[in-house]
Amino acid sequence: MQFVLEFTESALGDLDCFRKFEQTLILDQIHVQLTRQPTAETRNRKPLEPNALADWELRIGPYRVFYDVAPAEGIVKIKAVGYKEHNTLVIRGKEFRL
C-alpha cells in the first residue's frame, strides 16, 4: 500500500528554515522512507513516547521529521521538521523538548 504524504502548515514553515539542498535531502528521504510501511520500525524510524508533537520520528542524519500515521486512510501527516545538535532538538531555531 502506498501512503499519501500530507504536510501541516507548521511543517512547511519548518522546512523553509533550511537551505535548499537540505530541503531537497529531507523531502527525498521523507518520500523514500514514509510512502511505504511508515510504521515499520527501522534504524532511522521509531515510535516515540507519548508527547504533544507526534507519534513517530524519522531520522535523516542530523535532521528529524515528526509524523503521525492514519493507516485506515493511508495518510502520513508530517507535523514538524527540525535538527538535532548533540542532545538538543531545534525546530525553527528554538530548542524543543519532547
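Some observations on this one:
- Full extension of the chain between D55 and Q2 yields a length gain of 17.1 nm, computed as 0.36 nm times the residue separation minus the alpha carbon distance.
- Trypsin sites (Lys or Arg not before Pro) lying in DSSP loop within the stretch 42-81, provided at most 12 other Cβ fall within 10 Å: R43
- Loop-resident sites, the stretch 1-50, for GluC sites (Glu not before Pro), counting at most 12 other Cβ within 10 Å (DSSP): E41
- The length gained by stretching the chain between E95 and H31 to full extension, at 0.36 nm per residue less their Cα-Cα distance, is 20.4 nm.
- Dipole of the stretch 4-96, positive end: most advanced residue of T35, Y83, G61 [Cβ charges, Cα centre]: G61
- A cut-off under 11 angstrom between Cβ atoms defines the neighbours of P47, and their net charge, with Lys, Arg +1 and Asp, Glu -1, is -3.
- Rounded to the nearest 20, the size of the Cβ-charge dipole of the stretch 4-96 about its Cα centre is 280 debye, with Lys and Arg at +1 and Asp and Glu at -1.
Computed from the coordinates by the stated procedures, all read-outs in this text should not be read as laboratory data. The shown structure was predicted, so the numbers you read here are calculated from the model rather than taken from an experiment. We place every Cβ from the backbone using ideal geometry, glycine too, and count neighbours over all the protein chains shown.
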